[in-house]
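K.L.:
Shown below is the structure under consideration.
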Amino acid sequence: MNCIIIDDEATARAIISQLCSNVTSLTVLEEFPNAIQAIKYLNQNEVDLIFLDIHMPDFTGFDFIETIKNPPKIILTTSDANFAIQAFEYDCIVDYLVKPITPERFQKAIQKAEASPVKASNNSNSSEHVETTSGNDLYVNIDRRLIKIDIPSIYLVEAKGDYILIKTEDKNYTVHSTLKKIEEKLPDSLFLKIHRSYIINVGKIIDIEDNSVLIKKDVIPVSRSNRPELMKRLNLL
Amino acid sequence: MEQPNLSYIENMSGGDKAFEQKLLDIIQKEFPEEKQVYFDNIEAENFKEAAENVHKLKHKISILGLVKSYEVAVNYEHNLIENSIEGKADFESILQNMTDFLKTL
């Protein structure tokens with residue numbers, strides 16, 4: 001079986017890789033410190049088995065499983081036994097290894113993987129995979145899919161409780177996130193927070209009147225504290 | 001306090017000394033970085049993030065054979081998730097214990 005290892009901890013990757021080297025039927029193709037890099041790899045390559053850490057920043061192991069279409073066999077690796085019940089919800093998961101992984105328990109997991117009827121799938125034709133991020137793109141997780149948004153096309157982001165509404169030239173997106181998080185991802189050169197609930201693309205402003213801006217067809221309030229920064233950003237005659 | 005040891009590493013390496021050294025080198029590099037991120041988050045009172053850091057550090061605690069310390073870390077991680085720092089002193093003495101041990105290698 002060909003396999004890949006996904007774990008944000010270098011120590012864990014080294015241990016799993018070493019344990020794999022003791023199994024003649026197993027070949028480690030690649031190791032990844034995060035799930036996004038692995039998804040890119042899976043767009044181009046076929047694997048039989050994935051060793052997947054659950055607890056990773058930004059994009060967890062479960063996010064990863066829900067993002068890829070027809071996942072291959074997966075052995076979860078974690079320091080927390082509490083996720084075991086959730087793991088059984090996925091047919092692709094053949095075993096669940098609690099760190100630190102012992103050689104004996106690892107061997108058992110490999111036997112389970114080899115005996116598992118779950119078929120490895122070719123992901124290369126999937127249209128639901130994530131590409132890597134580049135300077136002008138932002139990826140948002142909507143309904144278990146990572147959707148690419150062209151950053152300069154965003155003209156408004158509005159906070160709506162536990163969600164944000166991202167408005168672009170072509171389409172609007174409702175995403176489970178916070179204004180603070182997206183603010184960190186958007187370039188300061190283009191975007192400005194003008195109110196606790198709104199971030200705007202300064203270049204898309206049509207006009208400014210009193211304490212509001214017109215951007216596309218939306219009239220957005222400008223808070224008193226943010227107004228000086230907005231005025232600084234304008235090329236005033 | 002229980003003392004760190006190399007039993008797990010020696011067991012899983014199957015006598016491969018080169019791998020043992022490689023793994024210790026990785027731990028020596030990664031542990032101080034993870035520890036620093038934890039202390040930064042505690043100082044900034046980012047307890048949820050600190051809980052994530054403790055979660056990751058738990059693996060190294062167990063790799064160094066610290067069974068009781070691992071349980072201390074599990075409880076502390078749960079407390080941090082609840083925005084409580086109960087168990088902080090005990091956890092940080094574990095980190096110091098590991099730091100001292102790694103210096104001897």
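Read-outs: derived from the displayed coordinates by stated rules, not from any lab. This one's a predicted model, so the numbers in the text were calculated from it and none came from an experiment. Glycine gets a Cβ as well: all are built from the backbone with ideal geometry, and neighbour counts include every protein chain shown.
K.L.:
Within segment A:168-225, which residues are in contact (Cβ under 8 Å) with a residue 12 or more places away in the chain, polar (S, T, N, Q) and touching a Pro at 6+ places or on another chain (Cβ under 7 Å)?
P.N.:
Answer for segment A:168-225, where residues must be in contact (Cβ under 8 Å) with a residue 12 or more places away in the chain, polar (S, T, N, Q) and touching a Pro at 6+ places or on another chain (Cβ under 7 Å): just A:ASN211.
K.L.:
Exactly one of these conditions fails for A:TYR198: (1) surrounded by fewer than 17 Cβ atoms within 10 Å (Cβ to Cβ); (2) out of contact with any Phe, Trp or Tyr (no Cβ under 6 Å at 6 or more places or on another chain); (3) not hydrophobic (A, V, I, L, M, F, W, C). Give me its number.
P.N.:
Unmet condition: (1).
K.L.:
For the structure I just gave you, tell me whether B:LYS22 is closer than 30 Å to A:SER21 by Cβ, in contact with a helix residue (DSSP H, G or I) (Cβ under 6 Å, 6 or more places away or on another chain) and surrounded by 13 or more Cβ atoms within 10 Å (Cβ to Cβ).
P.N.:
no
K.L.:
Could you tell me how many of the residues in segment A:149-203 are part of a strand (DSSP E or B) and among the small types (Gly, Ala, Ser)? Give the steps one after another, and end with the answer.
P.N.:
Within segment A:149-203, the subset part of a strand (DSSP E or B) is A:149-150, A:154-160, A:163-168, A:172-175, A:191-195, A:198-201.
Keeping just the survivors that are among the small types (Gly, Ala, Ser) gives A:159.
Summing the residues that are part of a strand (DSSP E or B) and among the small types (Gly, Ala, Ser) in segment A:149-203 gives 1.
K.L.:
Are there any pairs, at least 6 apart or on different chains, whose C-beta atoms fall under 8 Å, with the first in segment B:7-36 and closer than 19 Å to B:ILE94 by Cα and more than 7 Å from chain A (Cβ to nearest Cβ) and the second among the aromatic types (Phe, Trp, Tyr) and crowded, with 16+ Cβ neighbours inside 10 Å, and if so, which?
P.N.:
none
K.L.:
Additional query: Return the total of residues in segment B:35-48 being within 18 Å of B:PHE101 (Cβ to Cβ) and buried (at least 19 other Cβ atoms within 10 Å of the Cβ).
P.N.:
Looking only at that region, the number is 1.
K.L.:
Looking only at segment A:88-112, which residues are aromatic (Phe, Trp, Tyr) and either within 16 Å of A:VAL47 (Cβ to Cβ) or outside any loop (DSSP other than H, G, I, E, B) (or both)?
P.N.:
Residues satisfying the conditions are A:TYR96, A:PHE106.
K.L.:
Would you be able to say whether some residue in segment B:49-62 is surrounded by fewer than 19 Cβ atoms within 10 Å (Cβ to Cβ), under 26 Å from B:ASN11 (Cβ atoms) and away from chain A (no Cβ under 14 Å)?
P.N.:
There is no residue in segment B:49-62 that is surrounded by fewer than 19 Cβ atoms within 10 Å (Cβ to Cβ), under 26 Å from B:ASN11 (Cβ atoms) and away from chain A (no Cβ under 14 Å).
K.L.:
Within segment A:55-97, restricting attention to residues that are at the interface with chain B (Cβ under 10 Å from one of its Cβ atoms), surrounded by 18 or more Cβ atoms within 10 Å (Cβ to Cβ) and out of contact with any Lys or Arg (no Cβ under 7 Å at 6 or more places or on another chain), which residue is nearest to A:ASN141 (Cα to Cα)?
P.N.:
A:MET56
K.L.:
Here's something else I'd like to know. Might you let me know whether segment B:4-12 holds any residue that is among the hydroxyl-bearing types (Ser, Thr, Tyr) and buried (at least 20 other Cβ atoms within 10 Å of the Cβ)?
P.N.:
no
Every residue, every condition in (1) polar (S, T, N, Q); (2) outside any loop (DSSP other than H, G, I, E, B); (3) farther than 25 Å from B:ILE9 by Cα; (4) touching a Cys at 6+ places or on another chain (Cβ under 8 Å), yes or no:
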position	(1), (2), (3), (4)
A:ILE16	no, yes, no, no
A:SER25	yes, no, no, no
A:ILE36	no, yes, yes, no
A:ILE39	no, yes, yes, no
A:PHE51	no, yes, no, yes
A:PHE59	no, no, yes, no
A:ILE75	no, yes, no, no
A:GLN86	yes, yes, yes, no
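K.L.:
Continuing with the same structure: Can you name every residue in segment A:61-73 that is among the β-branched types (Val, Ile, Thr) and part of a helix (DSSP H, G or I)?
P.N.:
Here is the first cut: in segment A:61-73, the residues among the β-branched types (Val, Ile, Thr) are A:65, A:67-68.
Result: A:ILE65, A:THR67.
Residue-wise test of (1) buried (at least 17 other Cβ atoms within 10 Å of the Cβ); (2) within 14 Å of chain B (Cβ to nearest Cβ).
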site: A:ALA12; (1), (2): yes, yes
site: A:ILE16; (1), (2): yes, yes
site: A:THR27; (1), (2): no, no
site: A:GLU31; (1), (2): yes, yes
site: A:LEU49; (1), (2): yes, no
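K.L.:
Further, regarding this structure: Give me the residue from segment B:66-93 that is touching a residue at least 60 places away in the same chain (Cβ under 8 Å) and crowded, with 19+ Cβ neighbours inside 10 Å and, out of that set, farthest from the other protein chains (Cβ to nearest Cβ).
P.N.:
B:SER69
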